[in-house]
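Peer 1: Let me begin by handing over the structure; questions about it come next.
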Amino acid sequence: MNPYGDTFETYWAAGWRGVLPLPYKAKKNPPAGFTGSTGIDPSYPDCATWAMDGDRNICLRMPAHVIGIDVDAYGDKAGALTLAAKEEQWGPLPATWRSTSRDDGVSGIRLYRVPEGLKWPGEVGAGIETVRRDHRYVVCWPSIHPDTGSTYRWIDPDGLVAAHGIP
């Protein structure tokens with residue numbers, strides 16, 4: 001199974017340009033030079049070459065106008081409680097796409113369009129971090145989670161698993 005090789009073209013066709021490979025069944029170690037504040041987006045030939053390098057997971061580096069809200073609500077992670085408290089304080093987050101490998105109904109990275117150039121905190125509260133162009137990336141469908149063996153999936157704004165759809 002090659003999550004990256006099988007799907008990078010689908011992400012590219014949908015407009016994603018930060019389409020990066022990860023080692024198979026891993027969440028870490030995308031290619032050097034393509035993440036962080038000095039990272040660049042890969043070219044299509046970069047992606048096509050990586051697709052032929054054997055089995056790989058897939059991740060997305062955020063474009064400048066997208067931010068991810070990463071909520072961890074499994075094990076002893078307090079993301080669900082933090083999210084509830086923040087939504088009580090600020091109002092509910094709008095419905096959106098979420099990448100997850102968990103079945104708790106809360107965990108995952110929610111994607112939102114935002115104005116470019118804003119500064120975001122790394123941690124919002126216990127169990128919640130931001131994912132943005134200069135910090136982190138989204139591991140996504142159809143990658144395999146290294147600890148659980150579960151396949152990542154996209155949950156659409158209606159809360160349904162998107163069989164092969166992507167944002």
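The values are calculated or read from the model by the stated rules, or taken from the named source; none is laboratory data. The shown structure was predicted, so the numbers you read here are calculated from the model rather than taken from an experiment. Glycine also receives a Cβ, built like all others from the backbone with ideal geometry; neighbour counts cover every protein chain displayed.
Peer 1: Tell me the residue from Thr7, Thr38, Thr82 that is under 19 Å from Asp156 (Cα atoms) and modelled with pLDDT of 95 or more, please.
Peer 2: After applying the criteria, what remains is Thr7.
Peer 1: Determine whether Ile58 is under 18 Å from Ile144 (Cα atoms), touching a residue at least 24 places away in the same chain (Cβ under 8 Å) and in contact with a strand residue (DSSP E or B) (Cβ under 9 Å, 6 or more places away or on another chain).
Peer 2: For Ile58, the condition - under 18 Å from Ile144 (Cα atoms), touching a residue at least 24 places away in the same chain (Cβ under 8 Å) and in contact with a strand residue (DSSP E or B) (Cβ under 9 Å, 6 or more places away or on another chain) - is met.
Peer 1: Right, next: Going by the structure shown, is Val114 over 18 Å from Glu9 (Cα atoms) and crowded, with 17+ Cβ neighbours inside 10 Å?
Peer 2: So Val114 does not fit the description; no.
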